[in-house]
Each structure stands twice: as C-alpha cells, then as structure tokens.
Amino acid sequence: MWNVFQHLRQATFPLYLGVDIGTTSIKAVEVKQGEKLPAVLNYGMLELGGYLLRANNALQTSTLKIFEEEAAELLKILVGRMKPRAREAVASLPAFAAFTTVLDFPAMTPEELKKTIAFQAKEYIPQPLSEVAIDWLKVGEFTDEKGFRHDQILLISVSREHIKRYQRLFKLAGLTLRALEIEPLSLARLLTSGDPTLTLLVDVGSRSTSIAFAVRGELRFVSQSDFAGASLTQALAQGLNINPLRAEELKRERGISRAGQGYELSTIMLPFLDAIINEVKKAQFSYGSQFPGAPQPERMVLTGGGANLMGLEAYMEKEMGMPVVKAAPFARFEHVHEIEPLAPEVGPVLAVALGLAMREFI
Ligand SMILES: Nc1ncnc2c1ncn2[C@@H]1O[C@H](COP(=O)(O)OP(=O)(O)OP(=O)(O)O)[C@@H](O)[C@H]1O
Ligand SMILES: [Mg+2]
C-alpha cells in the first residue's frame, strides 16, 4: 500500500507471513499458493498475559507508542516457535494508528486525482505532510443536482515514524517487511472478496474495536471505538472486585446470557457491549450521511478475540437487526483438516493476519 515498499513487490518467493501485532497479542500465519486457493501452512499466536495487571504494558497503545523492544522480542519468540520458511512479511497497522477521512472531488483522471490529492491533503491531515505517508482509494461516486460527477476518496495517512518503527521491528526479528496496510483493508479483502453484499466488519480487539464497511473485497468506510474486550474485563474486575486475570477467565468461561448463572456477569458487561453497539450505529449514521442513497449494510461479520465472547452474535443480531456471524476465514484457504476443530475460535482471531497474507495471492 505504501509507495516506499513498491519496489519490493516483485514475487521472488511465493511464501509469506501475515503478521498482526495487536495491543495484547501477536498473530502470524504462513501462507503459500495452494492448488486452487492460497494454503495456510502454519500459524502462531502469542498473548501478553501481563497486560491485564499492568495496564500500560500493552504492545501498542492508542497514543501510538509501540513498545519496540518488547514487540521485537515477542515477534522473535513467535517466529522461533513457528519456524516459518517465509522470510517476507506483510503487516498491519491498527486503525487508530492511521488518520482516515472521506473526501469529495470532482470526477477526474487518476493522474489528475493524484496531483490534486497531493496538493490538498495538507488541509485535511493533522500532521505535517513531510511526516506522513499518504494513500487513498476511491470508495464511491455520485452525480450532484447540477449533473456534475464526483468521486469519493478515502484518504489514509500514517506517520512515517510509525512505518520506520515497523521496519526496524521486523528486521530485529529477522524478517523483511514487504508491505504494511491498515487492518480494515485486510479484513475487507479476506471477508468480502467476490461478495456483492455490503458488510459491516467489526473487529473486537483488546483495546479497540474497528468498524469497517466493505463490499467485493473493497473498503468503503472506517470507524473505530475505544470500547473493546479489555473494557469488559475491567468492568468485571471492578464490578465483582476481583483481580483482572480472574475477570478475564470468567469472561471467557461464561460469556453473556440473559438468564441463569451468567446473568449477573452479563449485567456488568452489557453496558460496555452497548457502548460498542452505539459506536457501530454511529458509524452507520456517518456512513449514511457520507454516502446518501447508498445501500446500508445487510449483515455483520465479527472478528478479533472479542468475537469469541459467548452469546455475542445473538446479542448483536438482536440489537442491530441484521444477521451477525463470526468470521470463518479458513474457508477461503486450503488447510490441513487438523485445523477444523479449532477453526471456529481461532479463525476470527487470525482474520487480520490471514487477510494480510491473502494480499499476495490475488
Ligand atoms: N473466549 C473469549 N471470550 C471473550 N473474550 C475473549 C475470548 N477470547 C479472547 N477474548 C478477548 O479478546 C481480546 C483480544 O483480542 P485480539 O487478540 O483480537 O486483540 P488485539 O489484536 O491484541 O487487540 P487490538 O486489536 O485492540 O489491538 C481480549 O480482550 C480478550 O479478553
Ligand atoms: Mg487486533
């Protein structure tokens, strides 16, 4: 996605690692070309348990600081365990590390557009242009009441410092960073390629929930919320006055339910889930005003560790009034059948990493 990496794009070694460095865990998948589809050879996940006790010990924080040494160390451990043959990696930047906005331009040729965006970007991006890498994609078009055509462009900017950090991080782990992209792009490719249904992609991570609108593998709109998995754990720890590790266990064991044993836990967690749902509804509203007349999403696909919260799909479905499913990304890859029993739980967690690796095979 970033021009800095364009020269690396010739295929020498058709075997790649998709690496998702989250706030509290690193996930990687190794993918090669299979007979018909890309094939998953190997995957690995490393969770940072200590983050629950020391809130600022997360790998990434919303203030954009990535704890480089720790992340490099963990990436090295993960790679050491996976022993991949691939040396080239594709990695993601969390949505909060990027600034994104949708802009209207009069319809023009791609060349003209490039010049116009380069000229106008400084008005929209909150950092000096010399400090950021910019990318954009067309996400819509419309004809105004005077009959003029407009293109709608999703502008994405990421600080160069952030990109450099990632390059160093991968180098330290003995890998070459082939490309970097924002997470919603990987999810859009993975979960909507070839599908004409506008889909809401909601990734419930630890520190943030990313909300994306996508169709046919392409991103249309992105948004983000700071309510996520960790909000639920914290609520339980405080509400029940227990330690966060125990709260995390309870959350994973019981999930949410409206009756029985899980009821008390649910009443503590539901306000935070409702906060996530409100952000999704707000995003729908913003999408509707950015793209008047465009169809609204018809279904929701959940990813991230938070997607494994028991009872979440049913709750979301009722609150959102649309079908909600957990992502099942292994269906898009050849894989050994030993993965099958684990796939329902592991698939949503590996979604970003799988979407990243997929980029090299379409
Ligand atoms: N079975 C489960 N039930 C409920 N929550 C779960 C379950 N498994 C994992 N989680 C939650 O998922 C979150 C971690 O998800 P994930 O690995 O996608 O996050 P991350 O990528 O590190 O974070 P972020 O995307 O915010 O940077 C944690 O909050 C964890 O509590
Ligand atoms: Mg994540």
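The values are calculated or read from the model by the stated rules, or taken from the named source; none is laboratory data. Model, not experiment: these values are computed from the prediction. With ideal geometry, Cβ positions are generated from the backbone for all residues, glycine too; neighbour counts draw on all protein chains shown. Side chains included, ligands, DNA and RNA excluded: accessible areas come from the protein's heavy atoms. Shrake-Rupley method; radii C 1.70, N 1.55, O 1.52, S 1.80 Å.
In the stretch 21-40, which residues are of a type outside the set (Ser, Thr, Tyr), within 16 Å of ligand 2 (Cβ to nearest atom) and either open to solvent by less than 20 Å² (accessible area, probe 1.4 Å) or without any contact (Cβ under 8 Å) to a residue 12 or more places away in the chain (or both)?
Hits for the stretch 21-40 are Ile21, Gly22, Ile26, Ala28, Val29.
For the list (1) surrounded by fewer than 24 Cβ atoms within 10 Å (Cβ to Cβ); (2) in contact (Cβ under 8 Å) with a residue 60 or more places away in the chain, I need the number of the one condition that Arg258 fails.
Here Arg258 clears every test but (2).
Which residue is most open to solvent (accessible area, probe 1.4 Å), if the candidates are limited to the stretch 178-213 and must be within 17 Å of Asn278 (Cα to Cα) and within 11 Å of ligand 2 (Cβ to nearest atom)?
Among them, the one singled out is Arg207.
Can you spot a residue in the stretch 227-249 that is within 19 Å of Asn278 (Cβ to Cβ), touching an Asp or Glu at 6+ places or on another chain (Cβ under 8 Å) and not polar (S, T, N, Q)?
Within the stretch 227-249, one or more residues are within 19 Å of Asn278 (Cβ to Cβ), touching an Asp or Glu at 6+ places or on another chain (Cβ under 8 Å) and not polar (S, T, N, Q).
Of all the helices (runs of 4 or more DSSP H) wholly in the stretch 247-362, which have at least 2 residues that are at pLDDT 95 or above, basic (Lys, Arg) and away from ligand 1 (no atom under 13 Å from the Cβ)?
263-290
Each row is one residue, and each column tells you yes or no for (1) within 21 Å of the chain's Cα centre (by Cα); (2) modelled with pLDDT of 90 or more; (3) buried (at least 19 other Cβ atoms within 10 Å of the Cβ); (4) in a loop (DSSP other than H, G, I, E, B).
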{"residue": "Gly44", "(1), (2), (3), (4)": "yes, yes, yes, no"}
{"residue": "Leu64", "(1), (2), (3), (4)": "yes, no, no, yes"}
{"residue": "Ala71", "(1), (2), (3), (4)": "yes, no, yes, no"}
{"residue": "Leu75", "(1), (2), (3), (4)": "yes, yes, yes, no"}
{"residue": "Leu78", "(1), (2), (3), (4)": "yes, yes, yes, no"}
{"residue": "Arg81", "(1), (2), (3), (4)": "no, yes, no, no"}
{"residue": "Pro84", "(1), (2), (3), (4)": "no, yes, yes, yes"}
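Can you tell me which condition Ala314 does not meet? The list is (1) among the aliphatic types (A, V, I, L, M); (2) surrounded by fewer than 17 Cβ atoms within 10 Å (Cβ to Cβ); (3) within 16 Å of ligand 2 (Cβ to nearest atom), and all the others hold.
(3)
Quick check on this structure: which one of Val336, Val280, Val301, Val324 is surrounded by fewer than 16 Cβ atoms within 10 Å (Cβ to Cβ) and within 30 Å of Gly194 (Cβ to Cβ)?
Answer to the check: Val336.
Give me the residue from the stretch 220-246 that is at pLDDT below 95, in contact with a Ser or Thr (Cβ under 7 Å, 6 or more places away or on another chain) and in a helix (DSSP H, G or I) and, out of that set, least open to solvent (accessible area, probe 1.4 Å).
Ala230
Restricting to the stretch 132-177, what's the tally of residues that are closer than 19 Å to Val215 by Cα and either in a loop (DSSP other than H, G, I, E, B) or open to solvent by less than 50 Å² (accessible area, probe 1.4 Å) (or both)?
9
If you go through the stretch 281-339, how many residues are among the charged types (D, E, K, R) and over 19 Å from the mean Cα position of the chain (by Cα)?
Here the count works out to 6.
Here are Ser210, Ser206, Ser223, Ser186: which of them is among the hydroxyl-bearing types (Ser, Thr, Tyr), under 21 Å from Ala86 (Cβ atoms) and either within 13 Å of the chain's Cα centre (by Cα) or within 16 Å of ligand 1 (Cβ to nearest atom) (or both)?
Result of the check over Ser210, Ser206, Ser223, Ser186: Ser186.
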